[in-house]
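Step one of this worksheet: look at the structure below.
What follows draws every value from the coordinates through simple rules; no lab data is involved. Only a predicted model underlies this, so the values are computations on that prediction, with no experimental measurement involved. A quick note on method: Cβ atoms are made from the backbone with ideal geometry, for glycine too, and the neighbour counts reach across all protein chains shown.
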Amino acid sequence: MGPKSVDKKRKTQVPESESDDELAGRLFDSVLSQSEDDSDFVASDDDEDDDQDDSASKGSQDDEDDEEDDDDALLSDDIPSDLDGEEALGKLLITDDEPEIEVPGVDPKRKDVGDEEKNYRIEKDANGGERYVYDEIEPGYDTDDTDAQGPANTIGDISLDFYDSYPHIGYDINGKRIMRPASGDALQNLLDSIEVPKGWTGLTDINTGNPLNLTDEELELVRRVQMGLIPNELHDPYPNTVEYFTSIEEKMRKTPLQALSSAPEPKRRFLPSKNEATQVMKLVRAIREGRILPYKPPEEGEREAEEEDEVHFDLWQNEEPQDANPMQIPAPKLPPPGYDMSYNPPEEYLPTKEEREEWEKLDPEEREKDYLPQKYGALRKVPAWSEMVKERFERCMDLYLAPRIRKNRLNIDPNSLLPKLPSPSELKPFPTVCQTIFRGHEGRVRSVSVDPSGTALATGGDDGAVRVWELLTGRQVWSVKLSSDEAVNTVRWRPSKDSFILAAAAGEDIFLMVPSHATVTPSLDQASRDILAAGFGYATHGQQQPVAVGKEPAAKWARPGTKLEDEGVLIRVTVRSTVKVIHWHKRGDHFATVSPSGQRSSVAIHTLSKHMTQIPFRKLSGLAQTAAFHPLRPLFFVATQRTIRCYDLQKLELVKAVQPGAKWISSFDIHPSGDNLIVGSYDKRLLWHDLDLSNRPYKTMRFHSEAIRMVRFHRGGLPLFADASDDGTLQIFHGKVPNDQLENPTIVPVKMLKGHKVVNKLGVLDIDWHPREPWCVSAGADGTARLWM
Amino acid sequence: MAKIKRRGQAGQAKNYLTRTQAVKKLQLSLPDFRKLCIWKGIYPREPRNKKKVSKSATASTTFYYTKDVQYLLHEPLLQKFREQKVLEKKISRALGRGDVTDASRLERSAARPDKTGKPRYTLHHVIRERYPTFADALRDLDDCLSMLFLFANLPSTSAVPAKMIARCERLCLEFEHYLIVSHGLRKSFLSIKGIYYQANIQGEDILWLVPYKFNQRIVGDVDFRIMGTFVEFYMTLLGFVNYRLYTSIGLKYPPKFDQLKDDQGAELGAFALEGVNIATNGAKAAVGGDAEYGPDPMLQAAVDKLVRQLKEEPGVESEVIVDAEEVPSDALDKFEPVAPGGDVLPQPSHSSSDPAELFAGMTFFLSRETPRQPLEFILRAFGCKRIGWDSVLGEGSFTTDESDPAITHQIVDRPVVQAAMSSEGDGEDNQTSQKVDPNQRYPGRVYVQPQWVWDCVNNDELKSPELYAPGAPLPPHLSPFVKTAQGQYDPTLPLEVQETEAETLDADLAEVDEAEGDEVDNDMDVESGNDDSEEEAAAELSEEEEDEEDEEDEEDEEEPATLQRQRELEAEIAGKAVASKTVDAKTKAKLEARKALEKKTREEAEDLERAKGMLSKKKRKLFEQMQYTNNKKSAEDMKLRSKRRKMEKELAKKA
């Protein structure tokens, strides 16, 4: 039973690999069989004296013979001994119960061959026909093998000792005795010992009594047992753990045999998963849409991506012009290269040695050009421009970091900005040169005035003297010393031709005098004296009452004393503080004085015919600087530091306040026509006001580098005006006031008269125009007066 | 009660943002903000009143318009930048954890335009936004081209990836191809900085600068990241512009690019242009490569000759036919007055020479020392079809054989070698493909220097080649971009035309002086001294110097008298008659003329001063500014003129 199964396994498992073994086995078997034959032969020899010899050995030999017959008949092979041996071994050793263990000493091939040959016998049956007699089938539990041999041991599990006294050992199935194998006598033993068959152990099988031969494998087995090793070489004592529940779980569940739960298989196990379907659909969609791409090796992918990167299409296919954003200023283009940037420029563009040095000395940032023109004779000699990358980089920086400002570049001829001025020759006449210099005053000449007839010039200076000159010749004709300590601040002629009266102010006193002059006829002299004297009678008779008792009169009119009276000075008017300005009314009956330090009484109006003085303003806002009568209408102008106020003398009210915008007005003058006003100021400005137009200046002229002291219009019908400044110059302007009210006056600067020297930062202090001619006279701080014509 | 107004809550303060504020608002890093500004064309603004705008005291704050920043806020690129930032963060975090595989995976998906030269984003929409019309894009092409041509010539470094350079080069060559086909190139100028080109595309003048083919020196303080940002933008822009230009003339874009030829240095020849649909066009619209001209030049020449002969014979007949048929054309017709009496209307000028015809029918050969790329480009753009060059200059030439009989013009740029030298030098000269005596001239061929090509192009006519013969001193190369203004110095005109009156007088006087100086040595010192002062006076005619001038005038009057006396004395000693009487008379007249001129100028200056006085302060300032610049310019011109006068005199002396 055991060996059969072994056989099968052998056949299936190692069909060819052991062919060598097989051969060897066969050879070996044949040898075995031969030896058996030999023993048979011996036994048969023994058989002859079977009867006579009752020895156990003989019996056994007989048995053996029988057995041999059986072998032929029953196809029981000649292995029983082997089998026995094995069994013995099984008894002897604790054999492994593993099915895989090969049984040593069994040669299945040979047995199979025998099987094929002796599967059946052909006998003659009763009818004389052939009859197949099949081998008897040994029934068994586990096998349907027909050629299972009969039990080698029929006596069961009892000791062989019991058969010691018999020649046989048990009985076979047919009831015949199984003869005891021959037990060798001494000689036999010796022979046996001499020719030791392979695997001979010298032992006797305890079950069968046969000599116990062991195969190599068995010996190895024994050896391994002896050594305390695991008998089977192939056995792996430490196999990998098989995770039963985790690894075979799936299989186990699927097979109902191994299932842990007896619940019926749920339906979902047989239906396709919806979730999976959605997942798959997602992928499908992604593939269709191109979101998932087939895998590509990275380099190839890169190359393709690059190609894809350069997508080409018409970006401006449906372009719509947009209005430029006014806030967005496009970057200015770089200027195109000029002649000097050529590799072969004209010679004149090449820098000289000095220019080159200068260029190299400059900081790179300060250079006007970042290159020096250079001439290379031929194109092959031109090197690379070393600043190229840097220049480009700077351009980049400009593009992204420089604030841009839209600049309106006026691409016009600058001369078109200039106003069209009439040429000076058209504007003539005007004074151009210094004609006469009047020397004589010690210290500054404070004031000049030309008499209404235009022949005499009166000057007043720091030396306290008033001098009268012949205008054209510069000869002094008359002089009087008014004061020893006070300067003559101003001199003014009475503006009428029927008299020859000069007013001069020194300190707080105003003197009225009649100088002697060649042109003054005695009758004129007498007329003048009469005009001056007329007031005395009036003063004594009429005008004493209004002066309040206890209140100081505004001015005292008196005779200056005999000494001065002999000189021609006839009246002294004493006011409260130093008089700086005298301004005669056109008709000559009134004159106004201004004493800037006089506070309330700074402006006074004197009436010559009545010897009367009035103080028109109880209070003035600011210090009065100067005052003037309107040339035509009964208006009175008073200038304080900032403003010029115009009062109506009849209605006694303020008409107008002009605001020139200057910081400190020095002087002003009213145009003879009465509608225009020029103002000079200490802050170097000359302002023209059109009184009808606005109370702000119409023109502002700033041609002086120092303060303007005096401004004057020409009174004799010429469109001229002049100003005097501390920078030592006079400026003559052409200022034409048109008759048409709508037209603006034209103002043209025509001449700058230089000649006075600047002394102690004072230049020209006063000017006056000739009543008819385009001549003017100036008073300088250098002690001279000059006539310009 | 009215709401209290706080400083910095309304008005200008709200209109401007500092850069830091802008960056914070956009939640970007500064480099990203910079990129965005460059691409979107946002630039800082100068507030009218800095004090009102800034809360800080620092003077050098950069301000941006709040509106501009808001405009950036809606930019899709912003999201890309943020994604990139997040990715960088992830990478750094992975590296911090030591998770190298994760980091490398993330790194792979990170766009690194600075390394690979291609980003994950596109700038299409930005370009469309910045240039709503194609004309707008053309208007802004100057910087784009200059930049890309520069980058095409840069060496590749870590900051400038090779791919970027290759792309720049390709785009530039494609653009050049367009100009060749459309004959859009107008002017070109060889400057010391590089070669300027001016093209006219759809009425828009585009000027750009191409550096000479040398290795560019890169100075330390150049930030290539900023340049790279610009280049990235410009590459995209030029790509689209090229597409539009190509399609506008019926070509397919991109043109076929032959990598192999390009590797061999064919440059322009590596591209093969093809029409959009060959079926309708029939033949290839244009040919970039020279493959067509590959066949035997001898054969070609023979064929050419035959064709010429054929053309000559039926010439008269064909003309007659053309006249009869009145072939309609796009060209403008010239309106000629038939009857007298009508007004003459200005008409667009008929350009005498078509740029496509300038070099047509010529065959050029470029010697190996000439710059091939610009020459090839210009010659092709002006109608030349057959250009050959030495094989060391690269692939793609019509012929590399210098002895080819088809060649009509040869461009050389080497000095004429002496005969003895040439025989020695022959052995060393092994770079050229064929051994040619450097002085050898093939008959029937025009030899010119490269400048000839440029001067021809700029003047729209073929210049006479004698002036440009090899080794000859070249005439000056003048910039074609200068627009001559009235009164400005123009080197092309003779000096006499441009000189002011004073200058001519001065010059004449100086001449007389020199002549006198030759005769009478003693006079030299006095005269030259006087001369200097006179020149000075002429140069600076300002009012301050009036007095001085007056004095000088007096001196002037005196001096001739003294001179006269001295001369007479000397003549007496020498025992001769008083010499140079005529000259004296002439000088006198000139001196008088000059005096008159001076007086005139002085008067004019006075007038000017008066008129200036009448201007308002603002206008006066403006006027003075204008005058300042004008004076500076005229001073420069004067300097140039005087230099030229000197040179001309020297030349005359030599002659």
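Proximity of backbone amide H atoms, modeled 1.01 Å from N, is registered between A:Leu212 and A:Thr201, A:Gly202, A:Leu203, A:Thr204, A:Asp205 at under 5 Å, excluding neighbours fewer than 5 places apart on the same chain.
Using unit Cβ charges (K, R positive; D, E negative) and no other charged atoms, how large, in debye to the nearest 20, is the dipole of segment B:616-655 about its Cα centre? Please list the in-between numbers first.
On the way: 16 positive and 5 negative charges, 29 e Å.
Here the size comes out at about 140 debye.
Backbone amide hydrogens, once placed in the peptide plane, bring B:Ala266 within less than 5 Å of B:Glu395, excluding anything fewer than 5 places away on its chain.
Within 10 Å of the Cβ of each residue in A:406-419, the mean number of Cβ atoms contributed by other protein chains is 4.
Between the residues B:Leu77, B:Ile91, B:Ala22, the greatest Cα displacement towards the positive end of the dipole of segment B:12-110, with unit charges on the Cβ of Lys, Arg, Asp and Glu, is found for B:Ala22.
Report note on the peptides B:10-23, B:620-633, B:166-179: ranked by the mean count of other C-beta atoms within 10 Å, highest first, their order is B:166-179, B:10-23, B:620-633. Packing here is the average count of other Cβ atoms within 10 Å per residue, and on that basis the peptides A:577-590, B:185-198, highest first, run B:185-198, A:577-590.
Just checking the output field for B:186-197: average partner chain Cβ neighbours within 10 Å of each residue's Cβ? The partial results should precede the final answer.
Working: counts 0, 1, 0, 7, 8, 12, 16, 12, 7, 3, 3, 0.
Going residue by residue through B:186-197 and averaging, the value is 6.
Along segment A:556-562 the Karplus relation, 6.51 cos²θ - 1.76 cosθ + 1.60 evaluated at θ = phi - 60°, assigns HN-Hα couplings of 10, 9, 8, 8, x, x, 5 Hz to successive residues, with x for each Gly and Pro.
Nearest 0.05, what FRET efficiency do B:Glu501 and B:Glu129 give at R0 = 56 Å with Cβ-Cβ as r? Can you show the working numbers first?
Numbers: r = 58 Å, r/R0 = 1.03.
The formula returns an efficiency of 0.45 here.
The relative contact order of segment A:550-598 comes to 29 percent, based on Cα pairs under 8 Å that sit 6 or more residues apart.
Just list whichever of A:Lys420/B:Lys639; A:Lys407/B:Lys67; A:Lys390/B:Lys261; A:Lys757/B:Lys590; A:Lys274/A:Lys296 have alpha carbons separated by over 29 Å in the model shown. Could the numbers behind the result be given before it?
On the way: A:Lys420/B:Lys639 32 Å; A:Lys407/B:Lys67 22 Å; A:Lys390/B:Lys261 33 Å; A:Lys757/B:Lys590 38 Å; A:Lys274/A:Lys296 31 Å.
Where the Cα-Cα span goes over 29 Å, the pairs concerned are A:Lys420/B:Lys639; A:Lys390/B:Lys261; A:Lys757/B:Lys590; A:Lys274/A:Lys296.
Each label point was placed 7 Å from the Cα along the Cα-to-Cβ direction; for B:Leu260 and A:Thr204 their separation is 9.9 nm. Given a Förster distance of 35 angstrom, what is the FRET efficiency for A:Asn695 paired with A:Arg475, based on the Cβ-Cβ distance and rounded to 0.05? Efficiency, from the Cβ-Cβ distance: 0.15.
Annotation: peptides A:155-166, B:585-596, ranked by per-residue average of other Cβ atoms within 10 Å with the highest first, follow the order B:585-596, A:155-166. Normalised by the number of residues in segment B:124-281, the average gap of Cα pairs under 8 Å and 6 or more apart makes the relative contact order 23 percent.
Using 0.36 nm per residue of separation minus the Cα-Cα distance, give me the extension gain between A:Asn744 and A:Asn240 in nm, one decimal.
Details: separation 504, 0.36 × 504 = 181.44 nm, distance 12.14 nm.
Net length gain for the segment: 169.3 nm.
Modelled label positions at B:Ala360 and A:Tyr120, each set 7 Å beyond Cα in the direction of Cβ, lie 11.2 nm from each other.
Add +1 for every Lys or Arg and -1 for every Asp or Glu among the other residues with Cβ under 11 Å from the Cβ of B:Pro476, and state the total.
Working: positive: A:Lys375; negative: A:Asp340, A:Glu347, A:Glu348, B:Asp455.
Every neighbour counted, the sum reads -3.
Ordering B:Ser60, A:Ser705 by the number of other Cβ atoms within 10 Å of each residue's own Cβ, fewest first, gives B:Ser60, A:Ser705.
In this rough spin-label picture, where each label sits 7 Å from Cα along the Cβ direction, the B:Val276-A:Cys434 distance is 8.8 nm. Its Cα centre serving as origin, segment B:52-109 has a Cβ charge dipole (Lys and Arg +1, Asp and Glu -1) of approximately 180 debye. Per-residue mean of foreign Cβ neighbours for A:328-340 is 6 (Cβ atoms of other chains, 10 Å radius).
May I ask for the net charge around A:Gly377, where only other residues with Cβ less than 15 Å from the Cβ of A:Gly377 are counted and Lys, Arg are +1 while Asp, Glu are -1? In short, +1.
Pulled fully out, how much extra length does the chain show between B:Asp223 and B:Asn630, if you take 0.36 nm times their separation in residues and subtract their Cα-Cα distance? It would help to have the intermediate numbers written out before the result.
Values: separation 407, 0.36 × 407 = 146.52 nm, distance 3.81 nm.
Full extension from B:Asp223 to B:Asn630 adds 142.7 nm.
A Förster radius of 56 Å combined with the Cβ-Cβ distance from A:Ala558 to A:Asp683 puts the calculated FRET efficiency at roughly 0.90.
What number, in percent, do you get for the relative contact order of segment A:429-788 if the mean sequence gap of Cα pairs under 8 Å and at least 6 apart is divided by its residue count?
Working: 1026 pairs, mean separation 54.8, N = 360.
This gives 15 percent for segment A:429-788.
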